[in-house]
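Engineer: Got a structure for you, questions after.
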Amino acid sequence: MLYGSILRACRERKGWNQEEMAHQLHINQSDISKYENNVKEPPMSLFQKWAMVTGSQDVLVAFIAGMEGVSILSTILATMGSGVIGFIRLGGFM
């Protein structure tokens, strides 16, 4: 699975840039970029911390439950108020 788009969406939902995210996770901004661009795969512990600091625990639960990436992104964008997919409801997940 490609995690980058999901991680980026979680960070953007929080309103942080890559530098702010790196500060929160105590890692380098270049690592944030590598994770978001699927150059480097994050360990599960980092994925968990990323979800926690961005308030995106729902994403972590969906991932662990086996929900596919497009559905997770749809949920994230819906909670951001996107007019394009804001009408999507995923079976009580939100």
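The values are calculated or read from the model by the stated rules, or taken from the named source; none is laboratory data. Fair warning: this is a prediction, and the values are worked out from it, not measured in the lab. Cβ sites come from the backbone with ideal geometry, for glycine too, and all protein chains shown count toward neighbours. Quick note on the areas: whole protein, heavy atoms, side chains included, nothing else; ligands and nucleic acids left out. Shrake-Rupley method; radii C 1.70, N 1.55, O 1.52, S 1.80 Å.
Engineer: Please name all residue pairs, on different chains or six or more residues apart, with Cβ atoms under 8 Å, provided the first residue is in segment 27-44 and is within 14 Å of LEU2 (Cα to Cα) and the second residue is among the aliphatic types (A, V, I, L, M) and open to solvent by 60 Å² or more (accessible area, probe 1.4 Å).
Structural biologist: SER33/VAL39; ASN38/LEU2
Engineer: Let me ask you something else. Return yes or no: is GLU36 of a type in the set (Asp, Glu), touching a Gly at 6+ places or on another chain (Cβ under 9 Å) and within 21 Å of ASP58 (Cα to Cα)?
Structural biologist: On the way: of a type in the set (Asp, Glu): yes; touching a Gly at 6+ places or on another chain (Cβ under 9 Å): yes; within 21 Å of ASP58 (Cα to Cα): yes.
Yes; evaluated as a whole, the condition is true for this residue.
Engineer: Name the residues in segment 33-45 that are part of a helix (DSSP H, G or I) and either in contact with a helix residue (DSSP H, G or I) (Cβ under 7 Å, 6 or more places away or on another chain) or modelled with pLDDT under 95 (or both), would you? Reasoning before the result, please.
Structural biologist: Kept after step one, since they are part of a helix (DSSP H, G or I), are these residues of segment 33-45: 33-36, 44-45.
Of everything in segment 33-45, those that are part of a helix (DSSP H, G or I) and either in contact with a helix residue (DSSP H, G or I) (Cβ under 7 Å, 6 or more places away or on another chain) or modelled with pLDDT under 95 (or both) turn out to be SER33, TYR35, GLU36, MET44, SER45.
Engineer: Which one is nearest to LYS14 (Cα to Cα), of the residues in segment 29-48 that are open to solvent by 20 Å² or more (accessible area, probe 1.4 Å) and of a type in the set (Asp, Glu)?
Structural biologist: ASP31
Engineer: Quick check on MET21: is it surrounded by fewer than 17 Cβ atoms within 10 Å (Cβ to Cβ), over 18 Å from SER74 (Cα atoms) and among the hydrophobic types (A, V, I, L, M, F, W, C)?
Structural biologist: No.
Engineer: What number goes with the only condition from (1) touching a residue at least 60 places away in the same chain (Cβ under 8 Å); (2) open to solvent by 70 Å² or more (accessible area, probe 1.4 Å) that ARG13 does not pass?
Structural biologist: All conditions are met except number (2).
Engineer: Here's a check for you: in segment 49-94, which residue that is in a helix (DSSP H, G or I) and more than 19 Å from GLU12 (Cβ to Cβ) is modelled with the highest pLDDT?
Structural biologist: Going residue by residue through segment 49-94, those that are in a helix (DSSP H, G or I) are 49-53, 57-64, 69-79.
Now drop any that are not more than 19 Å from GLU12 (Cβ to Cβ), which leaves 61, 64.
Details: VAL61: 77, ILE64: 73.
The selected residue is VAL61.
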